[in-house]
Each structure stands twice: as structure tokens, then as C-alpha cells.
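First comes the structure, then the notes that go with it.
The values are calculated or read from the model by the stated rules, or taken from the named source; none is laboratory data. Keep in mind the model is a prediction, meaning the values are calculated, not measured. Note that each Cβ is placed from the backbone with ideal geometry, even for glycine, and that neighbours are counted across all protein chains shown. Protein only, heavy atoms only, side chains kept; ligands, DNA and RNA dropped before computing areas. Shrake-Rupley method; radii C 1.70, N 1.55, O 1.52, S 1.80 Å.
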Amino acid sequence: MAELIRVDQPVGLPERLPVVALRDLVFFPYVVLPILVGRQRSLAALEEARQQFDDLVLLVAQKDPSVDDPDASDLFRVGTVARVVQMSKLPDGTSRVVLEGLGRARVERLTATSEALRATVMPLAREVETGEHENDPEVERLAGSVRHLYREYARIHERVPDELSETLTSEGDRVRFAHLVAGHVIVPSLEKQELLESQELAGTLELLRELLSRELEMLRIEHKLDRRLQMRLGGDDFMDLSDRAAPPNKDEPEEWGELEEQIRKSELPSTVRDRAEKELTRLRKLNPVAPEAAVIRNHLDWLVTLPWSSRSVDNLDVSHAADVLEAEHFGLGEVKDRILDHVAVLSLVREMRGPILCLVGPPGVGKTSLGRSIANALGREFVRVSLGGIRDEAEIRGHRRTYVGALPGRVVQGIRRGGTRNPVFLLDEVDKLARDFHGDPGAALLEVLDPEQNRTFTDHYLEVEFDLSDVLFIATANTLQDIPEPLRDRMEIIRLPGYLLTEKRQIATRYLWPRQLEGHGLDPSGVVLAPEAVSEIIERYTREAGVRELERRFSRIARKLARAHADDDAPTRPAVRREDLRELLGPPPYHPPDRDRDGDRVGIANGLAWTATGGEILDVEVAVVPGAGHLRLTGTLGDVMKESAQAAVTYARSRSIMLGLDVDFHERIDMHIHLPEGATPKDGPSAGITIAAALISALTERPTRSDVALTGEITLRGRVLGVGGVKEKAVAALRNGVRTVVLPAANVSDLELLPTEVTDNVRFEVVRTMDEVLDAVLTPGTAPPVQQLGTANSVDASVPHP
């Protein structure tokens, strides 16, 4: 084992050491310094150092700090051997490590394992470390010069510890003196690396003397320029920036008087006015260029510009609100009724705590634009704040003024932007809030949305209460699952299931197509979109619950028409017909469903699924092959759906005699259950009866009806339990040409909430057991009939089931 030479004590050095690569940092011997380590290889190297190498590690600087995963070519060849003094893990996954530099070493060979970098090292020693420098007059002269320059450098430079200059001496240990000075001089890393690699002590001290002289000259020039600038700004009563309690300036800035006038004219609550006047008094005692003056000035600006008493007058005419909502949005009857109820109550009581509505639905159904329409109907200002990706609760409640660049939270910022204390405030994408060590922004929203608390909402930046009870808060989300339960409890949930075909036609004709014509500079009377073309685009060029993709298709057509108008040689189109769509939009990506013509459907069943983008048809396929009783599940299924498949298999085995199967049939076959679109994750219990129906169809070789879709959870005894998302699933069934839906009896009450178009065109078979499901979905076949335990209840969706 080699020996690392130090004047104070020798250190045994292994031939190989783990390596920690440093960005923008060159570590010197004798320096004790804490650093933050976050890269996995570096953390692994530190663990190896503590467990196998007596806390010894080699610290080597990177040539390029931007390289995230450096190899041998990215590192310098000379580094510092250091001892790990203390190591603690932080909440964000990084570690804070205190290291003590012991001596220099050269990397002979660098190898990269799967976890950490390791280096074969050789200790380096200057002549000072071997005693060859003693009584060298050149070294003595340079050491004294460096000590004098460093004292002056530490006095002027704010980031260098001044007390270090008192402990350094040019007498005694010259190498320790050189290393400590080099470690505390703030110069680029390349220059520090040159100091570390220097072999002669005289050369190292000469380089230090040149660097200190250069840095001192630059600091003196900067200091002189700063003083000149401050004297120009401060006049005869110039003060240094650190002076915080200077007497009032004779030439008080005009801005101070303007702030006093704003405070006097603003209709501030008494507590806020007292706070503002106190802050203004403090401001007048400060120099205008002092850092704290800017902080107080910004704080006062927020206090006097917030709408503490300004409010817009509500338009409480119910018929006017109904006309505005109908003019700007088609359909969405439940949401419109809720808003009209609110307007009616306001017209009677004149004051009511603002409700918190949460519009939940797939993308593109108009949740955000509906908030703007509500503001127009009430005659209020509209404020929108996007919450997607917010992970810091300070984004909601603001930063305290002690932080550099502090600002109020997004709620207070939105109120100021709206200019009134009673706007319609849209909290967009509330289900996209993140949560990590910075805090929980969802919890910070509780005070904002709780009617019992938001009268005294306190932003950390303002430090005074602001009344939010007059604000009409509207939240939007794609799903409820990602909204914290306490936050969901404070909101009234209104679901938007997606648009039907007839609704999409109306929206396209009334809103989307005219908007695109206007946006592309086309004359609405000069270009007509044929109704059959609209239907073709909806059915064969889009497949969505909302109308966002539909508008994009219209935009593409409008661009083609605008180009034709701009090109004199191109023929103009007075009308866009169905046969023109292939030229304008290309071949259609979707084909209309035609489930009545499907061929052999043994082992296939149509399921209904709920997704964040609306309801969907989810096919289930089952194949039965000779085998040894194995069950295989594919299609990226979640745990709950896998359990549903296992329950379906157990149910089929328990009903084997009734199904005309051998009791031990499962021992001679393998069953493969697959849900197509395998790359899309799928989970939930509502596919249980669909899997069971497809499995029994495959076992008994009885085809399933192609125009029937199923949803419901299955138990081991064959009972059918209720599910969620019935409205979205029913709309998806109609959109995909399904005319019969098998529905659990527990969901009968959901039928009353379905649109008339759905109930008029879709028949619902209400079931309680799997036997009733099989009777509804299986077609008569040659296989032995299933023994019936009950009869499926055919109901008219417009009549509640008893």
C-alpha cells in the first residue's frame, strides 16, 4: 500500500479508489468543505468509500461540467484524495457530504463499473512535501507576497471568508498555505486545476500571486464603478448599500409621494391601510438604491393595486344568462341549469357565498370555454389559472418576502389581474396538481375553496387577509381519481360525458366552421360546408368525445381553401362536398362501425370502458387451446382486471355442468384472454362480465351478438355488481353503433340521467346474475343450452326499473 505524504500525518493509500466526478469544482488538500452529491455513480462511489476503503475517495474535476455521465476522457488526470467526514441524505434524494482533502494523486487507469467509477491511483508529492524546499529564499519571498495579496483580496471580496486570512501564515507549512489559498480563491475551474497539477512550489506560488493580483485589480475597478453609480443616485447624502437605517433623503424620490397618494385614495380596509402606511414610513428611511427598498416598494404596489372593495355588478336576469349560455355553447344542459339556478338565487338574496363547481369530462368538451361563458352571462370578469404541473404550495399561497424575487401566489395574482373581488375564477386542470418535497399544492387549495375559510385567506407575501368569499370558483378536471378526497369534498361535481353525433353536427355548423372561416380570412357566404361532408368528417376522420380534433380538421380544410384563394391559377370551391374530403384531408383513418355484419364471434365480446378521454368500446378475445390448465392474460392489464379474469374463470368452472362441460375440462386446455390495443394500460372491475361472456362463448362455441355491449363487475358466485361511468359508456355505445347494452341492476337509476338521443336509440338489458348476462349476449347454437336461473329484464330506459 502506498503512502500519501502529508506534513502533519502519513495516510495509507490503497492502489484503487472509488471516484467522485465534480462539476465546476476543484478540491484541494487540507480543505474541509461540504458538497451536494446527486448522481447515482457518485453516490455509489461514496457508499463504497465508507464500506470498503476506510472512507477514502478520489475527487476529480470534469473537463466539461455539462456532461451528466462522465467517462475517463471527460475527467482530468490529477485529483485530490479526500476522507468522508460526514454524510447525510436529504429529502430530494441527494446527499450532503463533508469532505476533508488529504493529498494529491494521479489517475493511472480509470474503469467504470455498473455502479461507480474506480481509479488506479499514484500519490503525488511536490518538493515541499519531501522537505527539498527548505531555506529557499524565492519560496519565502513569494509566500509573503501571496499572504499580503490574499488578505487584501479577502477584505474586498464578499464571498471569501475574511477570518481565513488571519489564520494563514507564510511561516512553517508552505504546502498547506498554498493549498488553502488556492482552495479559497474564486477563479475559473481550469485555472484551479492548473494550480492543483503544479509540481514546483515556487511555480504554484507565482501562479497564485498572478491570479490574486489580477482579481484584486478587477475588484477595485468594480468597487469604484459601484461607488460612482451610488453617488449619482444618492446625491450628497450617499450611503453604502449595506446602510439600512439612514436618515430620510432630502431629495426624496417622486415615487414615494405617488405611493402616499395611492394609499390615501385607495379604498383599503383599515388593517391593510395601517400596514401600508407603516411600510411607507419604513421605506422613507431607506436609501432608494438599498435592496430592502425595492422589496418594500413591490409589497406596497401589490397592497394598493389589489381590488379590496372593487366589484362588478352582477347581471341577475335569468333569461339573459340563458341566452348567453345557449348562444356560446350547444348542449350541456346540466351545467346550464346549475348556473341558471345560481343566478336565480342571487336575484332573490343579492348575496351568496360563491359556490365551487367542478366540471369533469374528457378533453375537448368545452370545460374551459364554459367558464368564460359563465362570466359573460353574469357580467363578471373572467380569470383563468392553469394548475397543471404545479408542485410547490407557494405557487398557491405565495412566497414570503424574505425570499429573493418573492411574489404572491397565483390566486392573488389572478384577483389583481381581474380587477374585481368577485370574478369568475377558473382553476384549470385541478387533477394535474403534483406533490413532492416542496409541499402539497392540493392541500393549499383547501383554504381557497372552503367557503368557511376563504373569507380570511392569507397569502404569505401579502401577510394580510383577503376575502375570497365573493369569487365564483370553477374547477376543471379530466378525472376525479387524481383529485385529493378533501379537495373533492369541497366541490360540486358536474360531469360532461362528451358530445353525441347530432350535437357535434350542430357545434360544427354553428361554431367551429364559421370560426375557422373568419380566422383564415374567408368569406362565410362564399364557402359552404355541405351537411354530408360534416357527418363524414365526424364519423370517419375523428374519434373523440369532444370536438378538438374536429376543429383541427376544419382548420386544415380552411388552410387549403385559403391557399386556393391566394393562388390565382387554382380553382375555387364554392362548396365543400363529401367527395372533396379525400383531396383535402387525405384518406379517412376510421371506418364507421358495422357490427351486424361481423362474422364468427365465438370467444369475442364487446365491453364498455371509461377513460379520461370519454367512453370507449373495449373488445375481449378468448382462445381455448389444448394444454394443461394454464391461464394467460395479455393486453397490459392492471391488477384489478387480472382479478376479474380469474373470477370469470372460477365462475365458468363452478357452472361447468350447467354449461354442458366436463367437470375437469380446465385440466386439458389452456385459456388465453386478450384485450386488443395491448400498449394501452387497462384496469378496473367493469370488464368482469365481458370477460366471463367471451370465455363461456369460447368454451361452449356459442357466438356472441355483435350489437350487444356489456359492463359490470362479476363475483365468484356469478352476481353482477354496479359500475361507474354509465353515462360516458352509454354515449360511447351509441357512437359505435351498439344498439343493446347489458347493464347491472344497481345502475338503473343512472338511466334517468342519460340524454334522450341515447335512450331512444339504445336498449338496456338490466341484469343481476351472469346467467341473465349469457341469455342476453349469447346467440342460439348447437352447443348444449345454458340452464337459466332467471330472465333478463328488458327495460325501456325512459321508465325507471322497479
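Structure values in brief
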{"read-out": "Neighbour count of at most 15 Cβ within 10 Å plus DSSP loop: longest GluC sites (Glu not before Pro)-free window in the chain", "value": "464-676"}
{"read-out": "Extended-chain gain in nm, criterion 0.36 nm per residue less alpha-carbon gap, LEU501 and SER319", "value": "62.7 nm"}
{"read-out": "Per-pair calculated FRET efficiency, R0 = 45 Å: VAL98 and GLU138 via Cβ, rounded to 0.05", "value": "0.80"}
{"read-out": "Virtual spin-label span in nm between ASP664 and SER749, 7 Å along Cα→Cβ", "value": "4.9"}
{"read-out": "Sequence-distant residues sharing a close amide H with LEU710 (under 5 Å, placed H)", "value": "ASN606, GLY607, LEU608, VAL742"}
{"read-out": "Distance between the stretch 726-785 and the stretch 461-489 - C-alpha centres, whole angstrom", "value": "38"}
{"read-out": "Neighbour-limited loop hits for trypsin sites (Lys or Arg not before Pro), the stretch 607-688 (at most 12 other Cβ within 10 Å; DSSP other than H, G, I, E, B)", "value": "ARG668"}
{"read-out": "Hz values of 3J(HN,Hα) by residue in the stretch 177-188 - Karplus curve (6.51, -1.76, 1.60), Gly and Pro given as x", "value": "4, 5, 5, 5, 5, 4, x, 10, 7, 8, 9, x"}
{"read-out": "Estimated vicinal HN-Hα couplings, Hz - the stretch 500-513 in sequence order (Karplus 6.51, -1.76, 1.60; Gly, Pro = x)", "value": "7, 4, 5, 5, 5, 4, 5, 5, 4, 6, 7, 10, 5, 5"}
{"read-out": "More than 50 angstrom apart: percent of Cα pairs within the chain", "value": "48"}
{"read-out": "Extension gain, ARG543 back to GLN481 (0.36 nm per residue minus Cα-Cα distance, nm)", "value": "19.9 nm"}
{"read-out": "At R0 = 51 Å, FRET efficiency that the Cβ-Cβ distance of SER654 and GLU518 yields, to 0.05", "value": "0.20"}
{"read-out": "DSSP beta bridges in the chain [antiparallel fraction, %, rounded to 5]", "value": "60"}
{"read-out": "Sites ARG719 and ARG577 - FRET efficiency at Förster radius 51 Å, r taken between beta-carbons, to 0.05", "value": "0.45"}
{"read-out": "Above-threshold pairs, the threshold being 27 Å between Cα atoms, out of LYS682/LYS727; LYS432/LYS560; LYS224/LYS278; LYS336/LYS560", "value": "LYS432/LYS560; LYS224/LYS278; LYS336/LYS560"}
{"read-out": "Accessible solvent surface per residue of the chain, calculated while the other protein chains remain in place, 1.4 angstrom probe, Å²", "value": "48"}
{"read-out": "Length added when fully stretched, SER73-LEU348, from 0.36 nm per residue minus Cα-Cα", "value": "91.2 nm"}
{"read-out": "Value of relative contact order over the chain, rounded to a whole percent, pairs C-alpha under 8 Å and six or more apart", "value": "7"}
{"read-out": "Heavy-atom accessible surface of the chain: percent carbon and sulfur, 1.4 Å", "value": "48"}
{"read-out": "Positive-end residue of PRO14, ASN747, VAL97, charge dipole of the chain with Cβ unit charges", "value": "ASN747"}
{"read-out": "Positive-end residue of VAL304, VAL318, ALA294, charge dipole of the stretch 263-341 with Cβ unit charges", "value": "ALA294"}
{"read-out": "Rh by Kirkwood over Cα pairs, then Stokes-Einstein D for the stretch 388-542 at 0.692 mPa s and 37 °C, µm²/s", "value": "175"}
{"read-out": "Label-point separation, LYS265 to ASN298 (7 Å along Cα→Cβ), nm", "value": "2.5"}
